[in-house]
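Participant: Right, I'll just put the structure down here and ask away after.
The values are calculated or read from the model by the stated rules, or taken from the named source; none is laboratory data. Please read all numbers here as calculations on a predicted model, not as lab measurements. Glycine gets a Cβ as well: all are built from the backbone with ideal geometry, and neighbour counts include every protein chain shown. Please note that ligands, DNA and RNA were not included when accessible areas were found on the heavy atoms of the full protein model with its side chains. Shrake-Rupley method; radii C 1.70, N 1.55, O 1.52, S 1.80 Å.
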Amino acid sequence: MSDDPYYYEPALGHGLPHDPFNAIIGPRPIGWISSQDAQGRLNLAPYSFFNAFNYTPPIIGFASVGRKDSLNNIEATGEFAWSLVTRPLAEAMNQSCAAVAPEVDEFELSSLTPAASRRIAVPRVAQSPVSFECKVTQILQLQGVDQVKVPTWLILGEVVAVHIARHLLKEGIYDTAAAEPVLRGGGPADYFQPGPESLFRMWRPSMN
């Protein structure tokens, strides 16, 4: 086997059995996004292109590859909620990613309970131990280096309210591993779950 790195240019194809891009940028947190349309019909969908982007104010975002119900709903209402996907909720999350008609309620489809939010009209997932209530700050259609727009939209929202199950706060510090978050891998069916054995600590160096 050659020691030279495998090289490809995405515009020309990767030449592999499965696109490695998602696997390299991973494992990724899952944006389990709830939204509702102007008529109040609910939608719940997981997005693996998701992350946090700012501390103050706290801003999270996810990308809709293609114009999906979540994007349409959020454009109409300006609100969405994020709920943490945990290991006990993994199967329900998987059910919620089914390609169904806009009028189908993924909460019902996944046997989940909507929980009323305090600052927004959109409900959260009651079974999830952590959730954010968000108001949209920006919706950006992405474009390539050639300035041609692609059918993908980045939705950014300010977190205006946070819900955390008290058992996840250990002496006031959020215990990431105890929440059993599910992370998306790069394969067609790959997921990961961090545990205490994967934890290591590094303190920021002092400049004094």
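Participant: Is there any pair with a first residue in segment 80-105 that is in contact (Cβ under 8 Å) with a residue 24 or more places away in the chain and a second that is in a helix (DSSP H, G or I) whose Cβ atoms are under 7 Å apart and which are 6 or more apart or on different chains, and what are they?
Facilitator: What qualifies is 80/74; 84/179; 85/93; 86/179; 96/106; 96/109; 102/69.
Participant: To continue, here is another question. In a strand (DSSP E or B), more than 18 Å from residue 75 (Cα to Cα) and touching a residue at least 24 places away in the same chain (Cβ under 8 Å): which single residue out of 136, 162 fits that description?
Facilitator: Values: 136 fails: more than 18 Å from residue 75 (Cα to Cα).
Answer to the check: 162.
Participant: Looking for whichever is over 24 Å from residue 54 (Cα atoms), of a type in the set (A, V, I, L, M, F, W, C), open to solvent by less than 80 Å² (accessible area, probe 1.4 Å) and at pLDDT 95 or above here; the options are 116, 126, 189, 165. Which one fits?
Facilitator: Values: 116 fails: open to solvent by less than 80 Å² (accessible area, probe 1.4 Å); 189 fails: at pLDDT 95 or above; 165 fails: over 24 Å from residue 54 (Cα atoms).
It is 126.
Participant: Tell me which residues, restricted to segment 124-148, are under 14 Å from residue 35 (Cα atoms) and either polar (S, T, N, Q) or in contact with a helix residue (DSSP H, G or I) (Cβ under 8 Å, 6 or more places away or on another chain) (or both). Give the steps one after another, and end with the answer.
Facilitator: Going through segment 124-148, the residues under 14 Å from residue 35 (Cα atoms) turn out to be 124-125, 131-136.
Once the filter is applied, which keeps residues that are under 14 Å from residue 35 (Cα atoms) and either polar (S, T, N, Q) or in contact with a helix residue (DSSP H, G or I) (Cβ under 8 Å, 6 or more places away or on another chain) (or both), segment 124-148 yields 125, 131, 136.
Participant: Check residue 53 against each of (1) closer than 24 Å to residue 129 by Cα; (2) without any contact (Cβ under 8 Å) to a residue 24 or more places away in the chain and name the one condition it does not meet.
Facilitator: It is condition (2) that residue 53 fails.
Participant: Can you tell me how many residues in segment 168-186 are open to solvent by less than 80 Å² (accessible area, probe 1.4 Å), more than 16 Å from the chain's Cα centre (by Cα) and among the hydrophobic types (A, V, I, L, M, F, W, C)?
Facilitator: 4
Participant: Among 101, 11, 23, 63, which is the only one that is at pLDDT 95 or above and either over 17 Å from the mean Cα position of the chain (by Cα) or farther than 15 Å from residue 132 by Cβ (or both)? Give the derivation first.
Facilitator: Values: 101 fails: at pLDDT 95 or above; 11 fails: at pLDDT 95 or above; 23 fails: at pLDDT 95 or above.
After ruling out the rest, the residue left standing is 63.
Participant: Within segment 30-78, work out how many residues are of a type in the set (Gly, Ala, Ser), surrounded by 14 or more Cβ atoms within 10 Å (Cβ to Cβ) and not in a loop (DSSP other than H, G, I, E, B).
Facilitator: Final tally of qualifying residues: 8.
Participant: Being assigned to a helix (DSSP H, G or I) and hydrophobic (A, V, I, L, M, F, W, C) is the filter; apply it to segment 165-186 and report the residue that is farthest from residue 115 (Cα to Cα).
Facilitator: The first filter runs over segment 165-186 and keeps only residues assigned to a helix (DSSP H, G or I), leaving 166-168, 177-179.
This time we only want the ones that are hydrophobic (A, V, I, L, M, F, W, C), so: 168, 177-179.
On the way: 168: 19, 177: 24, 178: 22, 179: 19 Å.
Ranking the qualifying residues of segment 165-186, first place goes to 177.
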